[in-house]
Amino acid sequence: MTQTAGKTALVTGASRGIGAAIARRLAADGVLVAVHFGRRKADAEETVASIERSGGQAFAIRADFAADGALDTLFSELEAGLAGRPLNILVNNAAVYADPDDRAATQADSYVAGISEVTPEEFDRIFTVNVRAAFFVTQRSLPLLADGGRVINISSAVTRIAWPLLPYAMSKGALEIMAPRLANELGHRGITVNTIAPGITDDTETNSWLHHVPGAAEGVAAMTALRRLGRPSDIADVVALLASDEARWVTGQLVDASGGMALAPTPPGA
Ligand SMILES: NC(=O)c1ccc[n+]([C@@H]2O[C@H](COP(=O)([O-])OP(=O)(O)OC[C@H]3O[C@@H](n4cnc5c(N)ncnc54)[C@H](OP(=O)(O)O)[C@@H]3O)[C@@H](O)[C@H]2O)c1
């Protein structure tokens with residue numbers, strides 16, 4: 001166990017993928033974790049159950065960030081679960097890549113959502129979940145957040161690499177603006193605010209195309225300096241580091257966790 005043992009965390013979007021890995025990692029470090037989810041109750045319950053099977057502590061809380069009143073529900077359930085304890089770690093991880101009601105938008109063959117295909121409704125939903133929710137979850141967390149606490153936002157390498165999904169990339173650009181400014185505002189309380197930018201990460205639903213499209217997994221691995229696909233645990237370990245006391249002097253920063261994706265242009269003929 002690390003010095004995060006005995007602390008508490010809220011991880012948004014922890015029902016599956018990277019968020020679930022973050023929740024499991026923090027719980028393994030002895031943190032009581034609020035596992036937030038939007039729609040997939042069974043997945044969130046499985047994340048909680050897997051934490052408990054490993055001897056950790058967690059509870060699931062639901063809030064659909066696209067719905068009115070979501071934060072009231074979130075914070076009443078969070079406060080009930082914390083039972084008077086402060087919040088030490090907030091991880092803003094929940095995000096959507098495209099409109100989840102538009103199933104076609106998440107299929108590999110139409111993953112390249114160009115500007116002409118994006119509707120105003122889809123654009124608004126992406127910004128509502130990825131930016132607005134992260135902002136107001138953070139705002140509402142402040143009275144609960146202990147001095148010396150941590151705010152960690154999960155962005156993406158798409159702000160650095162011109163990958164498709166334009167509104168998603170723009171939303172992550174907006175999210176990245178938060179850390180340096182909020183770090184400055186909250187620094188007097190010893191609270192650090194940082195951003196982690198994962199690259200393309202395997203074992204997440206959005207990247208199932210890695211295993212459908214011939215050559216995709218090898219091609220993506222070849223784009224990284226470390227020559228492999230990212231795993232959710234690669235990101236979770238960086239969250240655990242930033243959440244720990246060892247990272248107390250790191251704030252307002254963007255930490256790339258992509259295995260060195262696209263550090264150089266692909267040479268001609270490669
Ligand atoms: N996967 C990658 O390669 C990759 C790369 C770079 C950055 N990232 C970032 O890493 C984070 C996690 O990505 P992921 O691929 O693991 O995500 P994911 O598997 O698609 O899971 C998304 C999470 O967000 C929640 N969520 C979605 N819409 C919501 C809403 N309206 N209200 C509340 N919660 C909602 C989901 O809850 P439900 O399960 O209940 O729907 C789920 O827990 C995201 O911020 C993403 O942008 C991912």
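The values are calculated or read from the model by the stated rules, or taken from the named source; none is laboratory data. Note that the coordinates shown come from a computational prediction; the quantities given were computed from them, not determined experimentally. Here Cβ is always computed from backbone atoms with ideal geometry, including for glycine, and neighbour counts include all displayed protein chains. Accessible surface is based on the protein model in full, side chains and every heavy atom, while ligands, DNA and RNA are left aside. Shrake-Rupley method; radii C 1.70, N 1.55, O 1.52, S 1.80 Å.
Among the numbered criteria (1) free of Cβ contacts under 8 Å to residues at least 12 places away in the same chain; (2) within 21 Å of TYR97 (Cα to Cα); (3) more than 16 Å from the ligand (Cβ to nearest atom), which single criterion is violated by VAL118?
Among (1) free of Cβ contacts under 8 Å to residues at least 12 places away in the same chain; (2) within 21 Å of TYR97 (Cα to Cα); (3) more than 16 Å from the ligand (Cβ to nearest atom), the lone unmet condition for VAL118 is (1).
With respect to VAL255, determine if the residue is in contact (Cβ under 8 Å) with a residue 12 or more places away in the chain, open to solvent by less than 60 Å² (accessible area, probe 1.4 Å) and in contact with a strand residue (DSSP E or B) (Cβ under 6 Å, 6 or more places away or on another chain).
For VAL255, the condition - in contact (Cβ under 8 Å) with a residue 12 or more places away in the chain, open to solvent by less than 60 Å² (accessible area, probe 1.4 Å) and in contact with a strand residue (DSSP E or B) (Cβ under 6 Å, 6 or more places away or on another chain) - is met.
Mind counting the residues in segment 59-89 that are among the hydrophobic types (A, V, I, L, M, F, W, C) and more than 17 Å from GLY38 (Cβ to Cβ)?
5
For segment 172-187, name all the residues that are within 16 Å of the ligand (Cβ to nearest atom) and free of Cβ contacts under 8 Å to residues at least 24 places away in the same chain.
GLY173, ILE177
Given (1) in a strand (DSSP E or B); (2) touching a residue at least 40 places away in the same chain (Cβ under 8 Å), identify the lone condition not met by ALA14.
All conditions are met except number (1).
If we keep just the residues of segment 118-137 that are under 17 Å from the mean Cα position of the chain (by Cα) and not β-branched (Val, Ile, Thr), which is nearest to LEU166 (Cα to Cα)?
PHE127
Any idea which residue in segment 8-29 is nearest to the ligand (Cβ to nearest atom), counting only those that are of a type in the set (Val, Ile, Thr) and under 21 Å from GLY199 (Cβ atoms)?
ILE18
Of the conditions (1) of a type in the set (Ser, Thr, Tyr); (2) crowded, with 20+ Cβ neighbours inside 10 Å; (3) at pLDDT below 95, THR119 satisfies every one except a single condition; which number is it?
Unmet for THR119, out of (1) of a type in the set (Ser, Thr, Tyr); (2) crowded, with 20+ Cβ neighbours inside 10 Å; (3) at pLDDT below 95: (2).
Hey, ALA134 hits all of (1) more than 10 Å from the ligand (Cβ to nearest atom); (2) at pLDDT 95 or above but one; which does it fall short on?
Only one criterion is unmet by ALA134, namely (1).
Taking the condition of being within 14 Å of the ligand (Cβ to nearest atom), in a helix (DSSP H, G or I) and closer than 20 Å to LEU242 by Cβ, how many residues in segment 139-166 meet it?
Final tally of qualifying residues: 2.
Please work out which one of (1) closer than 29 Å to ARG189 by Cα; (2) within 15 Å of the ligand (Cβ to nearest atom); (3) in contact with a helix residue (DSSP H, G or I) (Cβ under 6 Å, 6 or more places away or on another chain) is the condition ASP64 fails and give its number.
(1)
Any idea which of ARG189, ARG181 is open to solvent by 40 Å² or more (accessible area, probe 1.4 Å) and in contact with an Asp or Glu (Cβ under 8 Å, 6 or more places away or on another chain)?
ARG189
Please work out if ALA169 is within 12 Å of the ligand (Cβ to nearest atom) and in a helix (DSSP H, G or I).
yes
Which of the residues that make up segment 219-269 are charged (D, E, K, R) and over 18 Å from ALA157 (Cβ atoms)?
Those that are charged (D, E, K, R) and over 18 Å from ALA157 (Cβ atoms): ASP245, GLU246, ARG248.
Quickly run through segment 44-74 and pick out the residues that are in contact with a strand residue (DSSP E or B) (Cβ under 8 Å, 6 or more places away or on another chain) and either among the aromatic types (Phe, Trp, Tyr) or surrounded by fewer than 19 Cβ atoms within 10 Å (Cβ to Cβ) (or both).
Answer for segment 44-74, where residues must be in contact with a strand residue (DSSP E or B) (Cβ under 8 Å, 6 or more places away or on another chain) and either among the aromatic types (Phe, Trp, Tyr) or surrounded by fewer than 19 Cβ atoms within 10 Å (Cβ to Cβ) (or both): GLU45, GLU52, GLN57, PHE59, ARG62, THR73.
Picking from GLU52, GLU45, which residue would you name as being charged (D, E, K, R), away from the ligand (no atom under 15 Å from the Cβ) and either assigned to a helix (DSSP H, G or I) or closer than 20 Å to ALA133 by Cβ (or both)?
GLU52
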